[in-house]
Amino acid sequence: MNAADALTVIFCLAGAVFFLAGTVGLLRFPDIFSRLHALTKADNLGLGLIVIGLIFQSDSLAAILKLLLIWILALAAGSNACYAIGRFALARSPQDAVREDDP
Amino acid sequence: MNGELTTLFPALTVITPITGAVVVFLLPARLRARAGLPAAGFTVAAAILLAWGVVTEGAVRHELGGWGAPLGIDLHADGLSSVFVLMTAAIGLLVSFYAKPFFALAGEKGGASELFWPLWLFLWASLNGLFLSSDLFNLYVTIEVMGLAAVALAVLSGRPPALVAGLRYLLAALGGSMAYLMGVALVYGEVSTLDLGLVSEAVEGSPAIRVAFGLMIAGLLVKTAVFPLHFWLPAAHSSAQAPVSAILSALVVKASFYLILRLWVDVFDVAVTVAAGQALGVLGSAAVIWGSYQALRQRRLKLMVAHSTVGQIGYMFLLFPLITIGYREAADAPWLAHAWTGGIYQALAHGFAKASMFLAVGVFVLAVGNDDRRSIGDLVARLPMTTFALALAGISLIGLPPSGGFVAKWMLLKATFSSGQWWWAPVILTGSFLTAGYVFMVLRQAFAPAGKPIELNPVPRTMEVTALLLGATAILIGLRAEEVLILLDVGAPFDEAVEAGEGGEP
Amino acid sequence: MNPLEHALDTLLCLLLLVLAWKALRAEHLYQSAIFFIAFGLGMALAWVRLAAPDVALAEAAIGAGLLGVLLLDSLRVFSRPPNGSGKARQNTDPGDAETATATTSRHPGARATRLLATAAAAGLAAVLVTAIVRIGDGGGLTEEAAGQLEGSGVEHPVTAVLLNFRGYDTWLEVGVLFLAMLGIYCAGGWVGLTGGREPDSPGPLLSWLIRGLTPLLILTAAYLLWLGKEAPGGAFQAGVLIGAAGILLRLAGYPLTAHLSPGMVKLGLTLGFGTFLVFGIAALIPGGAFLEYPEYWAGEIILLVETAAAISIGFTVFAFFAYLSSRDGSPSEEHNSKPSTTNSD
Amino acid sequence: MTAPVESYQIYAVTAGILFSMGLAGLFLCGHFFKKIIATKILGTAVFLLFISLAKRDFVEFADPVPHAMVITGIVVAVSAGAFALALARRIWNETGRSTFEDSQ
Amino acid sequence: MNSFYMALTIFLVLNIAASMVRVIRGPTPADRLMTAQLFGTTGMAILLLLAEAMEEPALRNVTLVFAVLAVLLVICFVQTAESKETTKP
């Protein structure tokens, strides 16, 4: 268990925690907007941490750059998905966006 | 003709129609119909070359890509496949002559009829590819090409009933070919080769092979529309346009029958059991009775002819119980050759007769406007050639003496009695009576004087001539059977038919 | 086989079975579509676990690129009342089209057929599983493929089998794609791709993303195409990615098909299939077999044929989506006008 | 299980179950959309069996022949599925029918 | 290390299984589609972990394909579902 492996384990576990947070958020949050927030933010961070964890394992620069490219693409996809679905949901049912007293 | 050149012919029969399809598709619409016929002509030439090569050199094998059996794919042409390729060529050429004026007339009424020629040439290439291929997975891809092209042709008119029937046909075809592919997966897992020859050597009756064989046959039975699985055929074949219905009923259904025959006799002869043969026989006889009875009750002519297809396919399946029983008693029992030639003759005769009947009905629908049986009055006076074609086709379907249908049913009857399985005989006879029922019903109405003389819109002469030619060929192959038998015996499993001096005339 | 890998495989298989079951049994069509998309992702993971990276690549590209988009687009059609004359038989309030499985179970005959069918399916599953478990150890064609590999002109075994040993299959299969497009024309009328209305622009943020993403898609496609010689990659995966780039641009409202003349459409559809055919026939002239590439030039020919096939597959995949979404996308008047009255070249 | 279960056998058995599920779905599901999904599940099941048997014959790489066949099969299945979807949509737009049931 | 990757992959697959509940319960199609987006991201993480565990660099290309195509599904949903909006009277 040299240093690189230890770092990988730490980062990947952190990533897993964020994935768990994302899923719990998706299931437990009351309305679409909070779910959307939990989903896209938590997962991308989870994926990012796993990518960083795996960067310690990879040997060639190309592999590292590819991993980072994958993460950046996932971030772009996640944020735009959040924006698009949010806008769509707002157009569909504006009333539950401004509800203050959530059960 | 040195041997090296003949190996090209199997590849030629597949390449020419596909090149024709691509070239015709790239041409502008008005040139498309004019370019379609030469492409059909070249394909027929390639088929004749192949048949001639097979007769002179015996079975011909073309190793695609130059890699040979286990890794590469081979095209293998023997007597059986070249007979079917020749049948497809003959019917295809005449249907192409019929289709040119038909789509010129139907072209203005909308629908994507410009696409008939590329699709038809593609279907023709997949039929030739299926008859020649000797690789299990390649047969799956060819079946898919055939299925897609057939459904695309069936929905060409764009009318809702054709669309619904086409979707039902497509889903049935997909289910059938996936069952077939599951069988191929199990066979490959067991003997890890795909070439038909190598598989037949390596295969023994292990449970995986039996299940694989069962799945493959079940999948192909769906595509051949045998009795319980025939739900998709009547709607699809009757709602298609006339030349397309002729192609579907005469050729497409025969391709999966050919494949079942090839797998049953050449490849899985170890896994075949007597019970399986009898089961197929029972399915066939149920199809004969049910199909012919349903045809009797139909008011619409096209639906009647489609149901008669279901019936006539049943006759072909009577071949299987007669062959399978042979292996137990004696491999060279005399009736094997009769059953074998009888079954294949039934396929040939039905092809010509059904194509001519559908084309004749097409001419009638174009002339009168609807295909209701009652409005067929006094047809003989107004469309003499079409009625004559209808009569010739009817004779062959019933199996009256001079026709090819008679040779087929007569040989099947001889095989039934000499093999001791007498119970198939009543099925054949009742089937013929029922077929006689609906054929004579139509002919009687055609000769009856019509109530009020309705005017007919003009029908191009070539369409009537092609229908008549096809009907005449159905009779001709009955009279001149020797040539067909010589070609059929190249590499046939039971090749006693010619030596036993049977020849054509029974 | 350490127990953890076993646990993963079993879990993945259970997930696949549940996803497939729910995709078929879900009440609303949207649910079954999403379950099926998840099933496609699960299959990509299954291919990875079974050491089949090429197949995983193909499943990922086709599943995420083409299938999901086609299903969602069809859902829009099914959940909207038909623009044709026929009135819808089911209640079609948008979003959750009532499926027929619920309706058929009301009248008595259906209950019996359903039970019979499920029993038959269970029987078939039992027979299949026993046959699969007792299958012999075939050994496969791995040795033959490895043996002939250097003669095939490429290092990666799957590309060698796909494009050289079994080139005839691949050629017919590119033909199937071309045929499916012809079939779709038959179903909808031969109007080329220019009919119908382009979707309006999705707003500034998404347009910026699409403008940035499309070149990356094309670049990845080229990378996969080139990689196909020595690692998993190849014509189909690259082709679907090019098609996905086209679909992306169309979704962003770029008038991609406006200046596509029917002649160019036909050329695009037949390019891959035609190149294959030309090289196949060229092999016949010096007396070789159909599709037999000379060993010295095999690598270059395969790359050329793959590039043509990738472009043609990309175009066909794009044509699938563009044609379908334009034909009945707009509930405009085009239904009652004869489908082929517009310019059919 | 008696013999040590290899990973490919788990997937092969799933393929068998998926196949019968897809076949049952093809007959039982009413809506065109779900019948098309059933045909695709059917196809995927067959390909799963192909690839799991290919893994069994792993030497230094898994048996490439089934891999090539499955890639061909996936593309064939997708194009057939797209054609079926096009037909189903056209029928829905023309007649408002989404099942075969109400045909006589 | 290999068993650590496997354990993590099993955890993520359970994650996907759990989020299926939202597909069933999700009131609006947007919820259901969001879960498809979640499947995509989790799938990418699983593929990267398997790439390390099975020493197969090609799996990174598969992840790249998923990453590049992830946004296609959402845009298609937004565009097609939205046009459905405009047709509602």
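Observations, loosely collected:
- Distance from the Cα centroid of region E:53-71 to that of region B:242-262 is 45 Å (rounded to whole angstrom).
- Within the shell defined by Cβ-Cβ distances under 15 Å, the residues around B:Thr462 carry a net charge of +2, with Lys and Arg each +1 and Asp and Glu each -1.
- Shape metrics for region D:7-95, restricted to C-alpha atoms - Rg then Dmax, Å: 15.6, 56
- Potential extension, C:Ala117-C:Glu27 segment - 0.36 nm per residue separation minus Cα distance: 30.5 nm
- Intensity falloff of region B:143-299 expressed as log10 I(q)/I(0), Debye formula with alpha-carbon point scatterers, at q = 0.15 Å⁻¹: -0.82
- Global geometry of the protein assembly as shown, whether rounded, prolate or oblate, following the gyration tensor of its Cα atoms and the 1.5 cut on a/c: prolate
- Considering only A:Phe56, A:Phe88, A:Phe19, the Gaussian network model of chain A with Cα springs below 10 Å gives its largest mean-square fluctuation to A:Phe88.
- The local environment of B:Ala40, defined by Cβ-Cβ distances under 14 Å, has a net charge of +3 under the rule Lys, Arg +1 and Asp, Glu -1.
- Per-residue Cβ neighbour rank within 10 angstrom, fewest leading, E:Met54, B:Met304, B:Met182: E:Met54, B:Met304, B:Met182
- Put in order of Cβ neighbour count within 10 Å, fewest first, the listed residues C:Tyr223, C:Tyr296 become C:Tyr296, C:Tyr223.
- With a 10 Å cut-off around each Cβ of C:218-224, the average count of Cβ atoms from other chains is 2.
- Peptide B:123-134 has a mean shielding of 1, counted as Cβ atoms of other protein chains within 10 Å of each residue's Cβ.
- Unit charges on C-beta of K, R, D, E only; dipole of region B:277-506, Debye: 1280
- This ranking places B:Glu63, C:Glu59, C:Glu230, C:Glu292 by how few other beta-carbon atoms lie within 10 Å of each, fewest first, which gives C:Glu230, B:Glu63, C:Glu292, C:Glu59.
- Think of region A:3-95 as having a plus end and a minus end, set by charges on the Cβ of Lys, Arg, Asp and Glu; of A:Ala63, A:Thr8, A:Phe18, A:Phe18 sits farthest toward the positive end of this dipole.
- Helix axis angle, A:3-28 relative to chain A longest principal axis, alpha carbon, degrees: 10
- Among the helices of chain B, those built from whole DSSP H runs whose Cα atoms reach 20 Å or more along their own axis and whose mean Kyte-Doolittle hydropathy is at least 1.6 are B:8-26, B:79-106, B:136-154, B:384-398.
- Taking the C-alpha atoms of chain B, convex hull volume expressed per residue in Å³: 128
- Rounded FRET efficiency, nearest 0.05, which uses the C-beta distance separating C:Ala146 from B:Ala472 and R0 of 51 Å: 0.35
- Dipole moment magnitude, nearest 20 debye, chain D about Cα centre, only Lys, Arg, Asp, Glu C-beta charged: 340
- Gyration tensor (alpha-carbon) shape descriptor, region E:2-87, a/c threshold 1.5: oblate
- Reduced Cα scattering model of region B:277-506, Debye log10 I(q)/I(0), q = 0.14 Å⁻¹: -0.83
- When the protein assembly as shown is described by a simple charge dipole with +1 on each Lys and Arg Cβ and -1 on each Asp and Glu Cβ, the residue from B:Leu303, E:Ile75, C:Gly233 located farthest towards its positive end is B:Leu303.
- Cut-off under 5 Å, modelled amide H: who pairs with D:Gly30 long-range: C:Ala100, C:Thr101
- When region B:277-506 is described by a simple charge dipole with +1 on each Lys and Arg Cβ and -1 on each Asp and Glu Cβ, the residue from B:Pro426, B:Leu485, B:Ser375 located farthest towards its positive end is B:Ser375.
- Tensor-based shape of region B:414-483 (alpha-carbon gyration tensor, a/c under 1.5 rounded, otherwise prolate or oblate): oblate
- Sorting the segments C:173-179, C:318-324 by their residues' average number of neighbouring beta-carbon atoms within 10 angstrom, most packed first, yields C:173-179, C:318-324.
- FRET efficiency for the pair A:Ser93 and C:Leu256, taken as 1/(1 + (r/R0)^6) with r the Cβ-Cβ distance and R0 = 45 Å, rounds to 0.85.
- Hull volume in cubic angstrom per residue (convex hull over the Cα atoms of region A:3-95): 61
- Using only side-chain charges placed at the Cβ, +1 for Lys and Arg and -1 for Asp and Glu, the dipole size of the protein assembly as shown relative to its Cα centre rounds to 4680 debye.
- Cα→Cβ-extended label distance, 7 Å offset, between D:Glu60 and A:Ala21, nm: 4.7
- Peptide C:204-213 has a mean of 4 when you count, residue by residue, the C-beta atoms of other protein chains within 10 Å of its C-beta.
- The B:Leu479 and B:Phe231 beta-carbon pair, evaluated with R₀ = 45 Å, returns a calculated FRET efficiency of approximately 0.75.
- Put a dot 7 Å past the Cα of E:Val21, heading toward its Cβ, do the same for B:Trp423, and the two dots end up 5.9 nm apart.
- Label-point gap, in nm, between B:Thr430 and C:Trp226 - each point 7 angstrom along Cα→Cβ: 7.2
FYI, it's all coordinate maths here, none of it is from the lab. Here the structure is a predicted model, which is why all the values come from computation and not from measurement. Every residue, glycine as well, gets a Cβ built from its backbone with ideal geometry; the counts of neighbours run over all protein chains shown.
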